[in-house]
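Engineer: Have a look at the structure that comes next, please.
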Amino acid sequence: MTSRFAPPDADTLRPQGAFETAMMRGQALPGGLGYICFRKLKRRIGQRAHAAFEAALAGLGPGDIVVDLGANVGDISARLAATGATLHAFEPDPETFGHLAARLGHLPNVTLHNAAAGGRDGSATLFRPPSWAEEDRRRSASKANSVAAMAEARGFVPSGEVPVVDFARFLNGLPDVAQLVKVDIEGAEWELIEAVMDRAPDRFRAMFVETHERVDRAVLPLVKRMQARFAAEPAPYVNLYWT
């Protein structure tokens, strides 16, 4: 079966119009002014990212392979699975994974992985936010669970070790190219992206990534370099503006 999926055009990642061009240039301003320009530009391009994701979703169907990294309780996974595509969903937190499994585990086109995705195989400490301790807030708190070291600096609580899957190796082991990959892994995205672009750049067609520089501004120079890189490259499509 020939896939109908067509990755979005890289034009969706480039500044458009006078305001976005000004914000792009304003990112070079020192201190907080530069960051304000960065955030305003990201918000504007992020609006196009949502439209690009919806268009990509509409092109999926049976025979396609899709991946959800940081699936949480399955809100995005459910939409991906509903296309009929073969879905691989990763969620490292064992309790959250239980909710994901109860929701989607019965579907024949879904494979669930109780693991984090990263740049290499191994294990990592899972950190949960302090609000996890409040039973009535646990479901929303689970969205912030992270295996990134920055989580500990934010006061998150170590909550055991979880397995980590080398995502580049995983992509290379799939029977076909993944059409769409969604990434929301709370600060652990950069090692994964660099590993995939180094070892598996031809094993996916479109990737939508929520980045987390707002909680770790040390990665801001890297974010800007990566944004510029993917705006200049026609393939694979990597959208760092999706939220």
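The values are calculated or read from the model by the stated rules, or taken from the named source; none is laboratory data. A quick note: this is a predicted structure, and the numbers were derived from the prediction, not measured. Counting neighbours? That spans all protein chains shown, and the Cβs are built from the backbone with ideal geometry, glycine included.
Engineer: Enumerate the pairs (first residue in the range 43-63 and basic (Lys, Arg); second residue anywhere and modelled with pLDDT of 95 or more and exposed (fewer than 14 other Cβ atoms within 10 Å of the Cβ)) with beta-carbon separation below 8 Å, excluding pairs fewer than 6 apart on the same chain, so at least 6 apart or on different chains.
Structural biologist: Arg44/Phe19
Engineer: Ok, one more. Just to verify a result, which residue in the range 139-156, among those that are buried (at least 16 other Cβ atoms within 10 Å of the Cβ) and modelled with pLDDT under 80, is farthest from Gly187 (Cα to Cα)?
Structural biologist: So, considering only residues that are buried (at least 16 other Cβ atoms within 10 Å of the Cβ) and modelled with pLDDT under 80, the one farthest from Gly187 (Cα to Cα) is Ala141.
Engineer: Another question, if that's okay. Among the residues of the range 125-144, count how many are of a type outside the set (Lys, Arg) and in contact (Cβ under 8 Å) with a residue 60 or more places away in the chain.
Structural biologist: Of the residues in the range 125-144, 1 are of a type outside the set (Lys, Arg) and in contact (Cβ under 8 Å) with a residue 60 or more places away in the chain.
Engineer: Still on this structure, I have one more. Give the residues of the range 82-113 that are aliphatic (A, V, I, L, M) and surrounded by 22 or more Cβ atoms within 10 Å (Cβ to Cβ), sorted by residue number.
Structural biologist: Within the range 82-113, Ala85, Leu87, Ala89, Leu100, Leu104, Val110 meet the criteria.
Engineer: Kindly indicate whether Thr21 is of a type in the set (S, T, N, Q), part of a helix (DSSP H, G or I) and either out of contact with any helix residue (DSSP H, G or I) (no Cβ under 9 Å at 6 or more places or on another chain) or more than 30 Å from Gly160 (Cα to Cα) (or both).
Structural biologist: yes
Engineer: Look at Glu161 and say whether it is part of a strand (DSSP E or B) and exposed (fewer than 14 other Cβ atoms within 10 Å of the Cβ).
Structural biologist: yes
Engineer: Which members of the range 185-243 meet the condition of being loosely packed, with under 15 Cβ neighbours inside 10 Å, within 16 Å of the chain's Cα centre (by Cα) and either part of a loop (DSSP other than H, G, I, E, B) or at pLDDT below 90 (or both)?
Structural biologist: Within the range 185-243, Pro201, Arg214, Thr243 meet the criteria.
Engineer: Among what's in the range 17-38 and is touching a residue at least 24 places away in the same chain (Cβ under 8 Å) and not aromatic (Phe, Trp, Tyr), pick the residue that is farthest from Pro221 (Cα to Cα).
Structural biologist: So the residue we want is Glu20.
Engineer: Determine whether the range 43-60 contains at least one residue that is buried (at least 22 other Cβ atoms within 10 Å of the Cβ) and either of a type in the set (Asp, Glu) or farther than 27 Å from Arg214 by Cβ (or both).
Structural biologist: Checked the range 43-60: at least one residue is buried (at least 22 other Cβ atoms within 10 Å of the Cβ) and either of a type in the set (Asp, Glu) or farther than 27 Å from Arg214 by Cβ (or both).
Engineer: Being of a type in the set (S, T, N, Q) and part of a helix (DSSP H, G or I) is the filter; apply it to the range 135-151 and report the residue that is nearest to Glu161 (Cα to Cα).
Structural biologist: Ser142
Engineer: Tell me which residues, restricted to the range 52-77, are small (Gly, Ala, Ser), under 16 Å from the mean Cα position of the chain (by Cα) and not in a loop (DSSP other than H, G, I, E, B).
Structural biologist: Hits for the range 52-77 are Ala52, Ala56, Ser77.
Engineer: Moving on to the next point. Are any of the residues in the range 8-22 surrounded by fewer than 22 Cβ atoms within 10 Å (Cβ to Cβ), within 22 Å of the chain's Cα centre (by Cα) and aliphatic (A, V, I, L, M)?
Structural biologist: Yes.
Engineer: What is the number of the single condition among (1) charged (D, E, K, R); (2) outside any strand (DSSP E or B); (3) closer than 19 Å to Trp242 by Cβ; (4) at pLDDT 95 or above that Arg48 does not meet?
Structural biologist: (4) is the only condition that Arg48 fails.
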